[in-house]
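For reference, the structure is listed below as structure tokens.
The values are calculated or read from the model by the stated rules, or taken from the named source; none is laboratory data. Bear in mind that the values here come from a model prediction, so they are computed numbers and not experimental data. Glycine also receives a Cβ, built like all others from the backbone with ideal geometry; neighbour counts cover every protein chain displayed. Accessible surface areas use protein heavy atoms only, side chains included; no ligands, DNA or RNA. Shrake-Rupley method; radii C 1.70, N 1.55, O 1.52, S 1.80 Å.
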Amino acid sequence: MNSLRKALALPRKKAAGGDEFASAVASHAHRGSADSEQEDYPLISPQPGGAAGAPAGPPPAVGPKPGEPHSTRLTRNRQADHDAWDEEREGSGRARRVGKIVLWGVVGLMAAGGVRAAFFPPTPTVVHDKSPAAGKASTDDVPGADAQQVAARYARSYLTWSAASPKARGEELARDLPKGADTDAGWDGNGSQLVAQTIPGTVTQTAPHQARVVVDARVSSTQGSGKKARTVSSWQRLEIPVADSNGRVLVTGEPALVGLRAPVDWEAPDEPPPDNDFSRKTRTSIVAFFKAWASGAEDQATAPGAAIAPLGDGLTFRALDTWAAQKGAGGHRTGIAEVRWEMAGAVLQQTYRITLAEVTASGASRWQVRQVTSL
């Protein structure tokens with residue numbers, strides 16, 4: 001144990017209670033044996049009656065030889081002590097060397113691990129998602145933008161026909177159909193209809209390299225004849241199957257007319273309470289802005305830095321029905337304005353959200369329009 005403590009450079013173990021006295025007694029006995037003229041190792045213990053009998057205990061490992069001088073015995077005992085100490089010291093040295101080798105080996109391993117981690121960091125483990133949906137968007141999906149473009153064009157051709165020129169429809173449809181497909185596409189050759197607008201919508205992936213596209217189309221047709229003829233327009237919705245073939249999106253089946261979504265309820269959030277005094281104070285500025293906007297001189301009635309595009313021709317300002325500025329503070333205020341425009345022989349009322357900015361010049365301040373948006 002002492003050898004291990006020396007090898008690991010540990011502090012000497014503190015003596016337990018009573019050990020100091022035992023050590024002192026042992027040291028004194030050892031010194032007495034070296035200086036005494038008596039024999040160090042008695043061979044036989046006297047028996048009762050003075051006769052020599054059997055030894056009372058086991059004989060000592062080393063004893064005096066008959067007729068051996070005391071100085072020779074003393075020298076031999078001291079040599080034995082030195083040999084024992086040399087042996088212990090040699091064992092301690094070997095244990096210390098082994099301990100140092102083990103300790104420096106551990107330190108070397110830790111240092112090598114740190115250097116390796118610094119220059120060769122461990123590669124993080126990557127877990128690949130093997131679910132069916134993983135990676136599908138980059139390998140099996142029909143490109144969304146291409147699908148919408150093709151579907152919108154096909155919807156216009158599909159819902160446009162005229163009995164006066166029956167081949168025109170088939171020629172348009174052939175552009176987005178596979179080779180050899182039926183270009184009549186379900187039409188019997190009668191009637192007349194025109195598509196004014198198409199709006200592509202949701203693209204739903206249905207199978208590898210296949211999808212379905214929703215398209216809203218504004219169609220117009222003439223109903224009746226002579227003086228009773230009239231044009232009827234309505235929105236129709238188509239679902240069109242498409243597929244990606246060698247990087248080219250094609251229509252692969254008959255489109256189907258489906259219903260439009262029904263209206264749903266919605267409740268607008270409450271607007272902040274109006275600031276009546278501020279609204280009366282700035283009403284004249286609001287009216288001046290709308291008049292200038294309609295005449296194309298909006299720059300004269302807007303705050304510095306405002307970027308409001310002109311309305312264009314065909315609009316005439318009729319009236320500012322309401323103006324309600326919201327409560328607030330600072331150099332920017334917001335309010336709601338209801339305006340009536342005259343357009344194409346009709347009057348159209350619209351609602352705007354107006355942002356005002358306070359402009360100061362020559363010691364005077366005024367409020368001018370900085371932004372105009374819908375609600």
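Worth a mention:
- Taken over segment 289-338, the criterion of being open to solvent by less than 40 Å² (accessible area, probe 1.4 Å), touching a residue at least 40 places away in the same chain (Cβ under 8 Å) and part of a loop (DSSP other than H, G, I, E, B) is satisfied by ALA303, ALA306, ILE308.
- Summed over segment 339-350, the residues that are among the β-branched types (Val, Ile, Thr) and surrounded by 14 or more Cβ atoms within 10 Å (Cβ to Cβ) give a count of 1.
- Qualifying position, being in contact (Cβ under 8 Å) with a residue 60 or more places away in the chain and surrounded by fewer than 16 Cβ atoms within 10 Å (Cβ to Cβ), among ARG370, ARG366, ARG353: ARG366
- Taking residues in segment 261-279 that are small (Gly, Ala, Ser), and partners anywhere that are surrounded by 10 or more Cβ atoms within 10 Å (Cβ to Cβ), the pairs with Cβ atoms closer than 7 Å and at least 6 places apart or on different chains are SER279/TRP323; SER279/ALA324; SER279/ALA325; SER279/GLY335.
- Filtered by the rule that a residue be farther than 20 Å from ASN246 by Cβ and surrounded by 13 or more Cβ atoms within 10 Å (Cβ to Cβ), segment 213-223 gives VAL214, VAL215, ASP216, ALA217, ARG218, VAL219, SER220, SER221, THR222.
- Test result for GLY191, out of contact with any strand residue (DSSP E or B) (no Cβ under 6 Å at 6 or more places or on another chain), among the small types (Gly, Ala, Ser) and either over 29 Å from ARG261 (Cα atoms) or open to solvent by 60 Å² or more (accessible area, probe 1.4 Å) (or both): no
- Selected residue (criterion: farthest from GLY247 (Cα to Cα)) from residues of segment 148-184 that are of a type in the set (S, T, N, Q) and in contact with a Lys or Arg (Cβ under 9 Å, 6 or more places away or on another chain): SER162
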